[in-house]
Amino acid sequence: MAPYASDDSTTAGEVDEQRSGRRKAARYVVPVTVIGVAAATIGLVPALADSGDPDLPKITAQQLIEKIAESDVQQLSGTVKISTDLGLPNLGGLESGLLSGAAGQGEGGSSADPTAKLTELASGTHTLRVAADGPDRQKLSLLENAAEYSIIHNGKDVWGYDSKSNEVYHGTSSKSPEHGKDQQPPATPKDFAEEALKAVDDTTSVTVDGTAQVAGRDAYKLVVKPKQSGSTVGAISVAVDAKTGMPLKFTLTPASGGAAVIDVGFTKVDFAKPAASTFDFTPPKGAKVTEDKDAGKDSEKAPGTTFDKGGAREHVPKAGEDFGKGLDGMKTIGEGWNAIATFDTGGEGVPSGGAGGDLGGFMDSLGDKVHGEFGSGTVFSTRLVNALVTDDGKVYAGLVTKDALVKAADAGK
C-alpha cells in the first residue's frame, strides 16, 4: 500500500531512499548552541500570499518530497515573522517564567544566553531577521520594542547580544560544523517540514494542493494529513520554493479548527551571499560579557537511542517500542499520528481539590478531571499536545484527543 494519497505510486524501497535523502539534505541548520531549546516549540509565521497563484508545471507529491530532500540552500538572508498559538492557559506571566526556567539562564544568568532568550519565541508573535552563509556563519536577530537581540555564529564563535541590558554571551560551537547535527532543533521552515515528513507512512495522506506565492517566490503547496481519527493534528501545509526546493512556509492547523498552532514562513528572502561583515561581532564598550564554559562540548546520547532535532526520534515509534535507556520505562501505544507515549512516575498523580489544598485547587483549574476503567486522573491540554496523569501516577501523552488518552489508559489497566 503506497504511503501517499496522491496520484503517484511509491514502493517501500523508494520511501527508504526518500527518508535517507531527507536526513542528508539538512545543510542549512543553525547550530544548537545558537538556537537553544526554544526552537523545538516555536514556529515562524507565513508571509501573506501575493495575489494570484503562479502557473507551474505539474508535480506529484513524491517528486515534491524528493525536491525538498535534494534542496541544498547554503546562503540566504531575509525577514521572518514568528507566531505560535498552543492555547496555553493565561497565567499572568507564569507561562513565560516557566519557559525561561526550563531553559535555564546559563552559568552567569546572562540575559544574552540564547537558551534563555529564545524561549520568548514559544508564544506570541515576533519578527526576526535571518542570514546564513554555509554551515559556519549564521545570524538571527529578534526585533523588540526599542531593542534588539542577536545571535551570531561565525566559525567557532557563538555570540549572543541583548541591546536592552547591554549584555553579551560568548560560547564556542562544536569542532566540526557537521558534528552534532542530528541533535539540533528545527530552526527554519525547512527543518519543520523535514520533521513532519519523517512521520509519513501508510497512516498519512500526502498531496500537492496547487501553487502559491510566498515572499515573492513561486511555490508548490504540499499538504500532509493524518488518515486516522483521534489526532489533534488537522493538516500540515508546506509551501516549497519551485526553483530551489527549500520550504518557504510551514503551517500546522489543529483538527479542532481555528488559527494555526504553528506557522513558519519568510516575508522576505534573498538567496544571494550575505556580506561577510554581517557575521562580525565585537562586544560594545561597557557591555557585561558572560563566557559559557560548557559551549562546544560533545553532547551525549543515550545508548541505543537515536535522536534528531530537539530530541525527536528519527522515525515514528512502533507500538510497544522502548524509547531507549535515556527515558527508562517510556513506551508507545498505537502507531503513526495516534502514537501515545506512556510511563509510570511511581508517584501519586496530581494533587486535586481539597486533598491537595491550595495546590490541588490550582491544578484542578489547569486540567480536566476524567474517569474510566483505569480509575481517575487529570488531563492537561494544549491545542496540539494532551497529557493524562492518572491518580496512581501513570502518564499518557501525545498528539491525540482527550478521549484517545482515556481509551489508552483503560486498555493499559
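Laboratory data are not the source of any read-out in this text; all were calculated from the coordinates shown. What you see is a predicted model, and the numbers here were worked out from it, not measured in a lab. Note that we place each Cβ from the backbone using ideal geometry, even for glycine, and neighbour counts take in every protein chain shown.
Given Lys156/Lys268; Lys117/Lys227; Lys198/Lys369; Lys117/Lys285, which pairs have Cα atoms separated by over 31 Å? Don't jump to the answer; show the numbers that get you there.
Details: Lys156/Lys268 28 Å; Lys117/Lys227 38 Å; Lys198/Lys369 34 Å; Lys117/Lys285 22 Å.
Over 31 Å Cα-Cα: Lys117/Lys227; Lys198/Lys369.
Return the sequence-ordered ³J(HN,Hα) values of the range 395-403 in whole Hz as given by the Karplus equation 6.51 cos²θ - 1.76 cosθ + 1.60 applied to θ = phi - 60°, using x for Gly and Pro.
Karplus values, whole Hz, x for Gly and Pro: 10, 10, 9, x, 7, 9, 6, 4, 4.
Work out from phi, with θ = phi - 60° and the Karplus expression 6.51 cos²θ - 1.76 cosθ + 1.60, the ³J(HN,Hα) of each residue of the range 232-242, listed in order in whole Hz, and give x for Gly and Pro.
Calculated HN-Hα couplings, in order: 7, 7, x, 7, 10, 10, 10, 8, 10, 4, 5 Hz.
How much net charge surrounds His126 when only other residues with a Cβ under 10 Å from its Cβ are counted (Lys, Arg +1; Asp, Glu -1)?
Working: positive: Lys81; negative: Glu120, Glu144.
Local charge sum for His126: -1.
Using a Förster radius of 41 Å, what is the FRET efficiency between Thr127 and Lys369 based on their Cβ-Cβ separation? Nearest 0.05, please.
On the way: r = 41 Å, r/R0 = 0.99.
Efficiency for this residue pair is about 0.50.
What are the ³J(HN,Hα) values, in whole Hz, obtained from phi via the Karplus relation 6.51 cos²θ - 1.76 cosθ + 1.60 with θ = phi - 60°, for each residue of the range 369-374 in sequence order, with x given for Gly and Pro?
Coupling constants for the range 369-374: 6, 10, 9, x, 4, 6 Hz.
Among the listed pairs Lys81/Lys288; Lys221/Lys249; Lys58/Lys81; Lys225/Lys413; Lys164/Lys288, which have their C-alpha atoms separated by more than 19 angstrom in this model?
On the way: Lys81/Lys288 29 Å; Lys221/Lys249 9 Å; Lys58/Lys81 30 Å; Lys225/Lys413 31 Å; Lys164/Lys288 12 Å.
Result: Lys81/Lys288; Lys58/Lys81; Lys225/Lys413 exceed 19 Å.
Would you mind checking which residues have amide H under 5 Å from Gly234's amide H? H placed 1.01 Å from N; only 5 or more apart, or other chain.
Placed amide hydrogens put Thr253, Ala255 under 5 Å from Gly234.
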